[in-house]
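> Here it is, the structure in full.
Every read-out reported here was derived from the displayed coordinates using simple, explicitly stated rules and does not represent laboratory data. Because the structure is a prediction, the values reported are computed rather than measured. Cβ atoms come from the backbone with ideal geometry, glycine included; neighbour counts cover every protein chain shown.
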Amino acid sequence: MKFKSSLLASSVMAATLMATGLAVAPLQLAYAQAPATATQRAERFKAAEAYMHGNLSALVTDLNMQASFAGGGSGVIYRKGPKGQGAILLADPTKGTQTELTMEAALTPKLKDAGVKADGIVDVRPTDYDADKKVLKFAAGGRDWTYELATGNLTANAPYVAPDGMVSPDGKYKVIARDYNLYLVEVATNRETPLTFDGGYDQRYGQNYPLFGDMADANSETPKMRLSVQWSEDSQQILTYRMDRNGAYIWTGVQQSPQGSHFPRAFNYVYPSAGAANVPLVKPVLIDLKGKATYLEVPATELLWPGDPAVYWAGDKIVYEWSKRGYGEILLYEVDPATAKAVVRVREALKPIVTVTSSGIRHAPEWGGNFVISERSGWAQLYFLKTGENPEGGKALTTGDWEVTGIERIDKDDVIIAGIGREKGINPYYSSLYRVTKAGKITHLTPEPLDHSTTISQDGNWIIDRMSSPTDPTRTVLRDAKDGRIVAELGRADISALLATGFTLPEPFETVADDGKTRLYGMIHRPKNFDPSKSYPVIENVYTGPTTHRFNEDYGGNIVNGLNAMAQLGAIVVTIDGRGTSQRGKAFRSSAYQNLAEAGLDDHIWVLKAMKAKYPYFDLNRVGVYGGSAGGYDTARFVLRRPDVYKVGVASSGNHDQRIDKAWWPEVSMGIADDATWEANSNIPVAKNLKGKLMLIHGDIDDNVPIAATMKLSKALIDAGKDHELVILPNTKHNVTQPYYFQKMFGFFYDNLIEPRADDPIVQK
């Protein structure tokens, strides 16, 4: 079965390329559509290009003021003003003053003299300010700079160079890695002493297995890797780990078109996957200066993603977090380094699994124990376990039908947390900041009924708050962290220049699910100069979690968003959160457990119908869907499992068979599943259901989701005789967003959904 040649690659590429400013090949011009159609198509693509991220950002002022704490938290450095007219300012929260330090226009000639190439005024991002020395640090033109306000001297900072080895606290030694072993280097003499001798590919010390993409970048199976070594305070021991491949499968990745070579390159790499019986084991170990190794008396961690284990010094003890494969149990150990013996301080074991993306453990020596964010009540709440207490117990510091999403700061007598859904009558996805005492008293530090994106100063005295909603422009303020009182307003987002282009503001949407009580949320993005008297196809941008949610609760995430570019092609673009997603409680997410194939699917269709009931111009005979990564998996399952609703899909970087995905992501929702369950949740068996149009896109050196997932689905579609498009992007990792990706995706939707042929049997207008 051969693939149908893409219209984008032939018939109407010329109009697309001219609209996006890309080169036009003579061959592509030979296949142009009729002039009227090609002109309309070019205009639509030009409108979409105008609303791509970079172009759209230039039309919005003070959406992101780049505010950050400077001088250790004594002041706030930020940028204010429209593009080309930006000022760099310093706010002093104690004095209540805001002082202009310089203008981008004043820095631009100096930057250009120093080699920065730019048309017009150079954009500057302030990073720090020393008020005593009057020295400003900022980033511009891909470099970091230091500017002395008193003298006007501008200096390019030396690029950061990762240190060669891990230096001891007393400065006498450093540890380096070579050939899978560790070496102690005497700094004064550079004399080396081996600390380990038996390291090898299958048994390595202090370093993980490199990712396929990093190998391709370095043209080596042994690229420079981060060294995971932690020194004891007395500089007499190092805490590290030994990695045992444990029979884990060795993958082979092929880079078909490497830079600087006429020939493909193959790389062998270790990638722990959910369907594998064996994954690497990580064993924490203490090594002294003479090379004596003492393994901690704790179970080895089964590596579900190439990252370092959660093991670290905590004063004169060692803390180690262990999770059982399939996330049935999480333990926190406290280890005595003198004896290597361990005591369990926290045990979290819930049925059917511990959802680690909604849970967490935080060691808190300030309080003499550990904080736990646990769903034991059905909602992610904060508990404190004093050292020596029952590891499964603890005091509930928060309660209710809402979620604690993070521990932002720990002080002696209280803790600052982030949470969502606590305040009644507002959108449950809006985030807020709270101060919680040991007695469980809660102070709401961000009381406005908006979403709050916050940063706390290093000294804990002040909070930068960027508050907004999908319809309320971002307001950036400075708060007193004691009580949340606003002490200064830094600025408000202004989109008047964007609105002058005819931009249609996105609209939040909510409805009630088929159970008559559960509220479901989404967003609607319409084209500019929207005409409600016309009929519009609908395209859903999908990512059904279950580890997160898709609804964009803030202003910037909805305004500066590629969905607005997609809408300019002549469609309504929506996002929807159905049941099976996170941060609405355990019960709301529970339908996704071992049911990724069906989770939330009918909720999405229910919401589409509710949108249609409110807005008759929604054409539900022309529904498309697209997404990347797990959203690519969703796209294919929507098209294949509900083919009478979802007619056209573009699935990029999709994990279409969870058995060959990195182990942590599927197992956090599937636990330990049998092969029949994995098969039931794969897109491969339902490839035969394809009725509409499906494009599969994948990067050839994707080290997050292997390209094998997309190739397996393509093979199943071929075996079933199902016509589809397959796009492989050379030298591309997991993130496929590049001009050619948008060119292919936009064209596919335009030609098959927005302006299909009148006789197209798949999509009838």
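> Once you charge only the Cβ atoms, +1 for Lys and Arg and -1 for Asp and Glu, what is the size of the charge dipole of the chain about its Cα centre, to the nearest 20 debye?
Details: 84 positive and 88 negative charges, 243 e Å.
Using Cβ point charges on Lys, Arg, Asp and Glu, the chain gives about 1160 debye.
> A follow-up question, please. Apply the Karplus parameterisation 6.51 cos²θ - 1.76 cosθ + 1.60, with θ equal to phi minus 60°, to every residue of region 660-675 and state each ³J(HN,Hα) to the nearest whole Hz, in sequence, with x for glycine and proline.
10, 8, 3, 4, 4, 5, x, 5, 5, 10, 9, x, 9, 9, 7, 5
> Let's test the formula: R0 of 30 Å, r as the Cβ-Cβ distance of Lys95 and Lys412. What FRET efficiency results, to the nearest 0.05? List each step's numbers first, then the result.
Working: r = 27 Å, r/R0 = 0.91.
Taking R0 as 30 Å, the efficiency between Lys95 and Lys412 is 0.65.
> Just grab the label-to-label distance for Lys292 and Glu507, each label 7 Å out from Cα along the Cβ direction, in nm (one decimal).
In this crude label model, Lys292 to Glu507 measures out at 7.4 nm.
> Here is the link list: Lys224/Lys733; Lys351/Lys693; Lys612/Lys733; Lys424/Lys534; Lys317/Lys438; Lys110/Lys133. Which ones come out longer than 28 Å on Cα distance? If you can, show how the numbers build up before the last one.
Details: Lys224/Lys733 18 Å; Lys351/Lys693 40 Å; Lys612/Lys733 38 Å; Lys424/Lys534 37 Å; Lys317/Lys438 24 Å; Lys110/Lys133 20 Å.
Cα-Cα > 28 Å for Lys351/Lys693; Lys612/Lys733; Lys424/Lys534; rest within.
> For Glu389 and Glu679, FRET efficiency with R0 = 35 Å and r from the beta-carbon atoms, rounded to 0.05?
Working: r = 44 Å, r/R0 = 1.25.
Efficiency at R0 = 35 Å is approximately 0.20.
> Explain nothing, just the number: dipole magnitude of region 37-174 about its Cα centre with +1 on each Lys and Arg Cβ and -1 on each Asp and Glu Cβ, in debye rounded to the nearest 20. Let's see the in-between values first.
On the way: 17 positive and 16 negative charges, 60 e Å.
Result for region 37-174 is approximately 280 debye, rounded to the nearest 20.
> Among Ser359, Ser682, Ser323, what is the fewest-to-most ranking by other Cβ atoms within 10 Å? Can you show the working numbers first?
Numbers: Ser359 18, Ser682 25, Ser323 21.
In order of increasing Cβ crowding within 10 Å: Ser359, Ser323, Ser682.
> Here is a further query. Which lysines have a Cα lying under 21 Å from the Cα of Lys112, excluding residues fewer than 8 positions away in the same chain?
Lys83, Lys137
> Given 0.36 nm per residue, what is the gain on full extension from Asp644 to Thr443 after removing their alpha carbon distance, in nm? Mind showing how you got there, number by number?
Numbers: separation 201, 0.36 × 201 = 72.36 nm, distance 5.02 nm.
This chain segment gains 67.3 nm when fully extended.
> How do Tyr271, Tyr617 line up, fewest other C-beta atoms within 10 Å first?
Working: Tyr271 23, Tyr617 15.
The most exposed by this proxy come first: Tyr617, Tyr271.
> Each label point is 7 Å from the Cα along the Cα-to-Cβ direction; what then is the distance between the points at Thr39 and Ala277, in nm?
6.8 nm
> Here's a follow-up. Within region 164-209, which chymotrypsin sites (Phe, Trp or Tyr not before Pro) sit in a loop by DSSP and count at most 16 neighbouring Cβ atoms inside 10 Å? Don't skip to the end; give the middle numbers.
Numbers: sites: Tyr173, Tyr180, Tyr183, Phe197, Tyr201, Tyr205; in loops: Tyr180, Phe197, Tyr201.
Hits after loop and neighbour filter: Phe197, Tyr201.
> Hey, another quick one. So, by mean Cβ neighbours within 10 angstrom, what's the order for 110-117, 297-304 with the highest one leading? Before the final figure, lay out the partial values.
Working: 110-117: 13.6, 297-304: 19.8.
My ranking of the peptides, most packed first, is 297-304, 110-117.
> About the Cα centre of region 162-318, what is the dipole size in debye to 20, counting +1 per Lys and Arg Cβ and -1 per Asp and Glu Cβ, all else neutral? If you can, show how the numbers build up before the last one.
Values: 14 positive and 18 negative charges, 42 e Å.
The dipole of region 162-318 has a size of about 200 debye.
> Ok, one more. Using R₀ = 35 Å, calculate the FRET efficiency as 1/(1 + (r/R₀)^6) where r is the Cβ-Cβ separation of Tyr740 and Glu489; round to 0.05. Before the final figure, lay out the partial values.
Values: r = 43 Å, r/R0 = 1.23.
In this case the efficiency is close to 0.20.
> Is it possible to state the helix-based mean residue ellipticity at 222 nm for the chain, with each DSSP H run of 4+ residues giving -39500 (n - 2.57), the sum divided by total residues, to the nearest 500 deg cm²/dmol? What is it? Please report the intermediate quantities before stating the final value.
Values: 16 runs with 131 residues, N = 765.
Calculated from helices alone, the mean residue ellipticity at 222 nm is -4500 deg cm²/dmol.
> Give me the number: length gained by fully extending Lys528 to Ala500, i.e. 0.36 nm times residue separation minus the C-alpha to C-alpha distance, one decimal in nm.
Details: separation 28, 0.36 × 28 = 10.08 nm, distance 1.04 nm.
Answer, rounded to one decimal: 9.0 nm.
> Follow-up. Would you mind calculating the gained length between Ser535 and Glu329 on full extension (0.36 nm times residue separation, minus the Cα-Cα distance), in nm to one decimal? Provide the component values of the computation, followed by the final result.
Details: separation 206, 0.36 × 206 = 74.16 nm, distance 5.17 nm.
In short, 69.0 nm is gained.
> Further question: Would you mind ranking Thr398, Thr504 so that the residue whose beta carbon has the fewest other beta carbons within 10 Å leads the list? Could the numbers behind the result be given before it?
Numbers: Thr398 21, Thr504 17.
Least to most surrounded, the residues fall as Thr504, Thr398.
> Can you give me the distance in nm between label points at Ala613 and Thr189, each placed 7 Å from the Cα along the Cα-to-Cβ direction?
Label at Ala613, label at Thr189, 8.2 nm between them.
> Could you work out the local net charge near Ala48, counting Lys and Arg as +1, Asp and Glu as -1, over the other residues with Cβ closer than 12 Å to its Cβ? Let's see the in-between values first.
Details: positive: Arg41, Arg44, Lys46, Lys528; negative: Glu43, Glu49.
For residues surrounding Ala48, the net value is +2.
> Could you compute how fast the chain diffuses translationally, taking Rh as the Kirkwood radius over C-alpha pairs and applying Stokes-Einstein at 4 °C with viscosity 1.567 mPa s? Give it in µm² per second. Numbers along the way, then the final one.
Details: Rh = 28.8 Å.
In µm²/s, the coefficient rounds to 45.
> State log₁₀ I(q)/I(0) for region 421-516 at q = 0.13, 0.15, 0.21, 0.25 Å⁻¹ as given by the Debye formula over alpha-carbon point scatterers of equal weight, solvent excluded.
Per q value, in the given order, log10 I(q)/I(0) is -0.58, -0.72, -1.09, -1.32.
> Of the beta bridges DSSP finds with both residues in region 506-754, what % are antiparallel, to the nearest 5? Write down the numbers at each step before the final one.
Details: 11 of 35 bridges.
Of all bridge pairs located within region 506-754, approximately 30 percent are antiparallel.
> Assuming a viscosity of 1.567 mPa s and a temperature of 4 °C, what translational diffusion coefficient in µm² per second does Stokes-Einstein assign to region 162-318, Rh being the Kirkwood radius over Cα pairs? List each step's numbers first, then the result.
Working: Rh = 16.8 Å.
Approximately 77 µm²/s, per Stokes-Einstein.
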